[in-house]
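*Asks:* The structure's right below; bear with me while I get my questions together.
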Amino acid sequence: MTARMDARKSFYWLIGAVAVAVAAARVVGAENLLEPSRYTPPTLEAYSASPPDPPRAWPKERPDPTPMYSSNDKSRWAAVRALVDDGTFVIGRRVFPDGGNPKAYRDVGIIAEPQYRSLDVILRPLAPEDAGRPVEKEFYSTKPPVYAVLLAAEYWVLKASFGWDIAKDRWLVIPTILLTVNVLPFALYLMLLAKLIEATGTTDFGRMFAFSAACFGTFLTTFAGTLNNHLPAAFCVLFAIYPVVKAMLESRELTGLEHAVAGFFAAFAATFDLPALALVAALGLPLLLANPRRTLLGYVPAALIPIAAYFATNFAAMGEFRPAYEKFGGPWYNYEGSHWSKVGTPLGKGIDFNDEPTTIYAFHLLFGHHGWFSLTPVFLLALGSLIAACRVKDATLAPISRRGLAVITLALSLIVFVFYLTRTKSYNYGGFTSGPRWLFWLIPLWSIALPLAGDRLSRGRVGRLVCAALLGFSVLAVFYPAVNPWRSPWIQQLLEFNGVLKYN
């Protein structure tokens, strides 16, 4: 090992340790805080701009403290609690004294508790045979249940081993689980990414720039303190492509085990973010062409395991294979009192009900207030590297070359982008969130392209300054929502503060 390589590896360890410590600090220090700016003032004169939308009344009594931040993670935690404490996927019930009157009801169960109230729930609709008699209908989380089952398994162990209860011991249970599913995989993610960066980069600056961006310049750090599906999806993507890239760098075919690892984690990523199904096909096709036997005996069976678990848990939860979000716009979502029943009505205001033109939405998703490139501008450099790699042919015995990996990355990114452009319900940018969270699972693919960009720009002072400036703005966006990751990005807040933009 040369002295320079040893110095770089020391850098990876030091900076990686800091990044993991930051992620851990977000977990153990998490607490949902009330922010006055998000609540309606007593009079308009007391507020320099228009009041928040939707209107929120400041609580009259002190709320119970909680490490749960938003409707998104509260819905997931409710499912975890219900599975272990109640042995069911049902997170609450709506009692109808008269089944024929949907406006006369009483909600009971976990979802009725103030700490667990969430917009991300669905209600089994009333049936014609319910008319005229007292009935109860079940609430479910809108989130795919496979992740909840895995989390519930850990909660069950904690409860059985230490007697911890997620309701009264929430400051023990929730951080422990988040350290397990958010922070420890993040440490492994950085270790593997450092290996790929070291192998693909050619200069000290390019490698250190790329690893610094991976540690502090992406939204994986931002969301480390909250339960969400985007971090595990991104981790799984890297775990899936790692053996593929490693084989590419060593100019060899993948082993049977590497086929299985790639297939399992590619499909596992899709259970967290459904568009990642495209990754299963993008990796599977070249592997199949290169080695049909290993792909059919390793990649495909391994990929079927998480996919089967996805549909099996959904059937166990609701008695059908269709995921909950496929019911959007129907009676499961549009029940009395539901946030989503406001769609198409005068009450449907705010970013959740955004109906701006597709071109405007596309701009903001790329370069605007929720922009992939405006909030994490280091990816502008990665884009240049990906385009350049598409034009270079490199000989390799591996099924996927550098050029092939660049094509896969750009193709997947385009597919996902178009997917959300064609889904009207997605025009809310993911609701109140500090970044384009539906694209987060692509982060590892783009991060692998950063060393080449850093290498090319390291040749001059101006190039290094550009890298530093873009990294700085990326870190700004990542750490701006320090109190709560489920908040608007700094660009959107700046536009709203100056009256340029308002979702109402």
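Each value in this text was obtained by applying a stated rule to the coordinates, not by laboratory testing. Treat the numbers as computed from the prediction; the structure is a model and nothing was measured. Cβ sites come from the backbone with ideal geometry, for glycine too, and all protein chains shown count toward neighbours.
*Asks:* Can you tell me which aspartates and glutamates have their Cα less than 19 Å from the Cα of LYS60? Leave out same-chain residues fewer than eight positions away.
*Replies:* GLU35, GLU113
*Asks:* So which trypsin sites (Lys or Arg not before Pro) in the stretch 378-421 pass both tests, a DSSP loop state and at most 10 other Cβ atoms within 10 Å of the Cβ?
*Replies:* Here the trypsin sites (Lys or Arg not before Pro) that fit, given the DSSP loop and packing criteria, are ARG391, LYS393.
*Asks:* Shifting gears a bit: Please compute one quarter of the surface area of the Cα convex hull for the stretch 36-143 and express it in square nanometres.
*Replies:* Its average projected convex-hull area is 9.1 nm².
*Asks:* Further question: If you look at just the Cα atoms of the chain, how large are its Rg and its Dmax in Å?
*Replies:* 23.7, 81
*Asks:* Another question about this same structure. Based only on other Cβ atoms within 10 Å, what is the fewest-to-most ordering of VAL378, VAL343, VAL95?
*Replies:* Fewest to most other Cβ atoms nearby, the residues stand as VAL95, VAL343, VAL378.
*Asks:* DSSP loop trypsin sites (Lys or Arg not before Pro) in the stretch 55-118 with at most 10 other Cβ atoms within 10 Å of their Cβ, which ones? Display every interim value, and only then the final one.
*Replies:* Numbers: sites: ARG56, LYS60, LYS74, ARG76, ARG81, ARG93, ARG94, LYS103, ARG106, ARG117; in loops: ARG56, LYS60, LYS103, ARG117.
The qualifying sites are LYS60, LYS103.
*Asks:* Follow-up. Using a/c under 1.5 as the rounded threshold, could you call the stretch 310-389 rounded, prolate or oblate? The axes a ≥ b ≥ c are square roots of the C-alpha gyration tensor eigenvalues, and prolate needs a/b larger than b/c, oblate otherwise.
*Replies:* Oblate is the answer for the stretch 310-389, as a/c is 1.5 or above yet b/c matches or exceeds a/b.
*Asks:* Follow-up. Could you tell me the center-to-center distance, by alpha carbons, between the stretch 139-209 and the stretch 434-477 in angstrom?
*Replies:* 24
*Asks:* Can you sort HIS370, HIS364 by how many other beta carbons sit within 10 Å, fewest first? Walk me through the numbers before you get to the answer.
*Replies:* On the way: HIS370 26, HIS364 23.
Exposure proxy ranking, most exposed first: HIS364, HIS370.
*Asks:* Nearest 10 degrees, 0 to 90: what angle lies between the long axis of helix 145-162 and the longest principal axis of the chain (Cα atoms)?
*Replies:* Roughly 80 degrees, rounded to the nearest 10.
*Asks:* Rounded to the nearest 0.05, what FRET efficiency do LYS103 and ALA127 give with R0 = 22 Å and r taken as the Cβ-Cβ distance? Could you check?
*Replies:* 0.85
*Asks:* Please compute the net charge surrounding ARG487, taking Lys and Arg as +1 and Asp and Glu as -1 over other residues with Cβ under 11 Å from its Cβ.
*Replies:* Result for the local shell: 0.
*Asks:* A further question on this structure: Nearest 10 degrees is fine. How inclined is helix 378-390 to the longest principal axis of the chain, computing both from alpha carbons?
*Replies:* 50
*Asks:* Let me ask another. Going through the cross-link list LYS9/LYS195; LYS74/LYS349; LYS103/LYS327, which pairs have a Cα-Cα distance over 19 Å in this structure? Each step should come with its number before you reach the end.
*Replies:* Numbers: LYS9/LYS195 9 Å; LYS74/LYS349 23 Å; LYS103/LYS327 21 Å.
With Cα atoms farther than 19 Å apart: LYS74/LYS349; LYS103/LYS327.
*Asks:* Which GluC sites (Glu not before Pro) in the stretch 179-262 sit in a loop by DSSP (not H, G, I, E or B) and have at most 13 other Cβ atoms within 10 Å of their own Cβ? Could you put the intermediate results ahead of the total?
*Replies:* On the way: sites: GLU198, GLU250, GLU253, GLU258; in loops: GLU250, GLU253.
The qualifying sites are GLU250.
*Asks:* With 10 angstrom as the radius, rank ILE166, ILE360 by how many other C-beta atoms surround their C-beta, starting from the fewest. Working shown, then result.
*Replies:* Details: ILE166 20, ILE360 12.
The fewest-first ordering by Cβ neighbours comes to ILE360, ILE166.
*Asks:* Moving to a separate point now. Using only Cα atoms, tell me the angle between helix 277-290 and the longest principal axis of the chain; keep it within 0 to 90° and round to the nearest 10.
*Replies:* 30
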